[in-house]
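Structure first, then comments.
The values are calculated or read from the model by the stated rules, or taken from the named source; none is laboratory data. Quick caveat, the model's predicted, so the values are computed rather than measured. All Cβ positions, even for glycine, are placed from backbone atoms using ideal geometry, and neighbour counts span all protein chains on display. Each accessible area value is taken on the protein alone, full model and side chains, heavy atoms only, with ligands, DNA and RNA left out. Shrake-Rupley method; radii C 1.70, N 1.55, O 1.52, S 1.80 Å.
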Amino acid sequence: GATHPILKGGSLITTVIESIYAHGSLSARENAVMDLTERRRKRNILRHLPAVEFTAGVQNVFIPEESMSYSDDGQTKCIPELKGGRMKVRVLGGFDKDPARTNSRSDDVDIADDILCVQDGIMVVTDFVAESFVLNNETHVNEFPELEILERSLMSVILSGNFGGCIATHLRPQKLESETTSGAKAPNLYNPLEAYEIDFTGSNASLKLKEGSATLGHRRVICPTETRVDLAIVESIVDMSFEGQTECEVSWDFNATSPILQTVDVGLSPRHASHENRKQVELLIHELRQGRLNLNVSSVGGLSVKKAATTREDREGLYDWKFFNALVAPDDESVSRLIQVVHDKRTMKKLLAVIELLNSDLERVARYALTRAWKAKDIFDKEGISDPGKLIPGHRMARLGSLFLCGDLSQLDDLMPIIQRVVAGNGLDVVKVKDLLRRNIPLYDDWAPEIDRIVRWIDTALSPMDAPRPYIENHCPPLSELPKYQAYFEGIPSAKSIYEKLHEKQQLPLDPAVSAMIAQAAPYMSLNQIEFVLTTRKRPSDWQPFDLRRIRYVYTIKKKVKDISESYGGLSFLPQSFFVSIFLGEATRASLRASNRSLKMGSGLKEDRAPWPAEQERQTSTLGKLRRRRVYAPQPSSYLQESGQYGSAEHLSNDDMLSPAGRVASQNNITPRKARSFRQAPTDVSESDSADVDTIYDLGDSLLGPQDVAILLQAGLASSMKGSTVVQLNQRMLLDLMASQPKSFAIAVLAEIGMPGGEGSPRGLCSALMALLELDQSSFTKFHRIDMVRVW
């Protein structure tokens, strides 16, 4: 069982394993040295990986029916069933020849076992099979009245069948003689852990459905029996920070049939309705019922299609890889390919039949639009128009417009003055355009308000407007150089002062105070600045160990955030939120631990230095961390006392159970923190002012800088999966991080959203704030939902 402190639902899955077996050997590799005085570090463990040949497996895994197993994340509730599960795990590394030839056993799982030979690193191969499984899911769906999806609607999904596959993971030193998929020709000197890479090439999984259906209200989609979906990793090599490209092949086969959409009258269930009351249509044309495509996944979750094939003999034509790429990751050729699909009447008639079952009014509009599009193509073909450049003469535009509206040249004299007015820069004649459309479009009266808004919007776009004159300020010094703000920024290092400290006495280590100053300011630096800092002082002995780890960690985060800033949002970055959560969780937890330590120091409590995440990993075992996470999870009904015993929540304030953002939203005071400066405050500032948090700028303890938080917030707001639990948790972690830092940090984040690249964008800031006010929190329990108005 598992629960999350702030999420709704939970999981409780009981699994019975009838038999377990294990055998193997473990030995030291050649030239391995055991040094008990060597400091325990992850990189040292990787350097001295043992030679291992180990096999373990389980047989006949099943979920008892009486166990009442379930999984609920607040959005989807799943009741699983499993029978005949088997799994075998093989760990191999450090051998020139496959030890399985001499150490074979007869009780292994009867899954195809390839001969493995792994000399460098360690490979873990996991084979798994399930002879039968059933998933009964119920998912909450947002209200959509236009499609007759009412409030509190549930989508019921039933899947049954079998699955199997193999997951191969090879941890090894980076190959420096050739460039890998990750584009790394040499190890990252700023993070020695990245001198290793992980190879997932060869992994595969397959799913075969016996039954598959999805029901939403009075509609149901049924998958054909014996539908098969396969996934194979063609090539995937990433470094230890998951930088790299992944190419996988996805194939599908609907057994020569198509999924079916069924509808009945509102209020009836498709499962129980009679055959006479059902309407149904096939969803796919013949060409799309079987095929495959190669899907590329970037290190930031970007999707693109490079190869594809369907059931056609020649494997070329309308539905090749360009068609799938136009749907997933549009490029310059996507528009022309989609236009070709729109002009394919056989495909569009299938689409219209599907739309008619969803909404008859929408089908009428779509049919009218497609009919006009086909008519425009016929006109262009007859007039010899092959590209937009041939439309430019005004008389030709009027001729084509008249043919499009009424099929003849009767409207030529009415269109010519309208075109001449637009060309002269005087905007669109709204009255004449609306009158022209009223005479020639039969559906005008039904859609008059919408047509009026569209015409007026076009008029606004084509009308002349005054452009503000550019202005240049002759003297605009930084705020830190103005006398009014000098005391406020006292103690905050400038880039110039940091560079001077780095170049002073390079043969000697940095002063501990300077090392701490640079480490504290690292999240506020750019990626190029941190790279310059690490390049200028390459020797680890130049830094304090804790400061060097912090700078390297910040460098890794900023490198990842830079990649995300260049590409996010939309369907082409569908899995990006999962990639973001990989590093965001650790970064925010480490920042919150440092912030809590600062709060206790500010209140006079004595506490040792907060351990670095890697150090804490070494101090606590995995099982111990899981137990602690569950025991220390804040619950409204009880809490854990300092003695380690549970106490009643009656003596516990809400502040102890809320996250930082929740405490801010509840308008409770957070323990004041003193601004920490690396130099003494100026003598003309009073002692009371120097202790005031608003008097001296505080950099805070976050490992993510304001620019990083702003980029990740905008990436979450632009995600196509805003309602998913992962996106909601990512946004909540960022809000908690902002709330745990000084107020100036949140102001800096908003400034970065409103001034990307130094260019002001009030509209961008306004739209981001409006989206944050409407942030989806449906996955959180009612107690942990926050009032976004109070947060800001």
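The table below lists the values:
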item: Selection status of ASP452, of a type outside the set (A, V, I, L, M, F, W, C), open to solvent by less than 60 Å² (accessible area, probe 1.4 Å), in contact with a Leu (Cβ under 7 Å, 6 or more places away or on another chain) and outside any loop (DSSP other than H, G, I, E, B); result: no
item: Test: residue in the range 415-433 that is over 21 Å from THR460 (Cβ atoms), modelled with pLDDT of 85 or more, more than 48 Å from the chain's Cα centre (by Cα) and open to solvent by 30 Å² or more (accessible area, probe 1.4 Å); result: yes
item: Scan of the range 724-755 for residues that are open to solvent by 30 Å² or more (accessible area, probe 1.4 Å) and either in a helix (DSSP H, G or I) or within 16 Å of VAL580 (Cβ to Cβ) (or both), ordered by number; result: VAL726, LEU729, MET733, LYS743, ILE747, LEU750, ALA751, GLU752
item: Strands (runs of 3 or more DSSP E) (entirely within the range 215-307) containing at least 2 residues that are under 24 Å from the mean Cα position of the chain (by Cα); result: 227-239, 246-253, 290-297
item: Selection status of TYR499, surrounded by 14 or more Cβ atoms within 10 Å (Cβ to Cβ) and in contact (Cβ under 8 Å) with a residue 40 or more places away in the chain; result: no
item: Cβ-Cβ under 8 Å pairs, at least 6 apart or on other chains, the range 207-228 side over 19 Å from VAL281 (Cβ atoms), far side among the hydroxyl-bearing types (Ser, Thr, Tyr) and buried (at least 19 other Cβ atoms within 10 Å of the Cβ); result: LYS208/THR227; LEU209/THR227
item: Condition check for ILE492: modelled with pLDDT of 90 or more and more than 25 Å from the chain's Cα centre (by Cα); result: no
item: Residue count for the range 216-249, restricted to those that are on the phi < 0 side of the Ramachandran plot and either touching a Phe, Trp or Tyr at 6+ places or on another chain (Cβ under 9 Å) or open to solvent by less than 30 Å² (accessible area, probe 1.4 Å) (or both); result: 20
item: Checklist (1) within 33 Å of the chain's Cα centre (by Cα); (2) touching a residue at least 40 places away in the same chain (Cβ under 8 Å) applied to ARG346, failing item; result: (1)
item: Unmet criterion (only one of (1) in contact with a Ser or Thr (Cβ under 9 Å, 6 or more places away or on another chain); (2) modelled with pLDDT of 90 or more; (3) more than 21 Å from GLY94 (Cβ to Cβ)) for ASN204; result: (1)
item: Flag for LEU36 being assigned to a strand (DSSP E or B), more than 30 Å from LEU207 (Cβ to Cβ), modelled with pLDDT under 85 and open to solvent by 80 Å² or more (accessible area, probe 1.4 Å); result: no
item: Residue match in the range 314-332 (condition: part of a helix (DSSP H, G or I) and more than 30 Å from TYR568 (Cα to Cα)); result: no
item: Selection within the range 580-593 - surrounded by fewer than 21 Cβ atoms within 10 Å (Cβ to Cβ) and under 11 Å from the mean Cα position of the chain (by Cα); result: SER581, ILE582
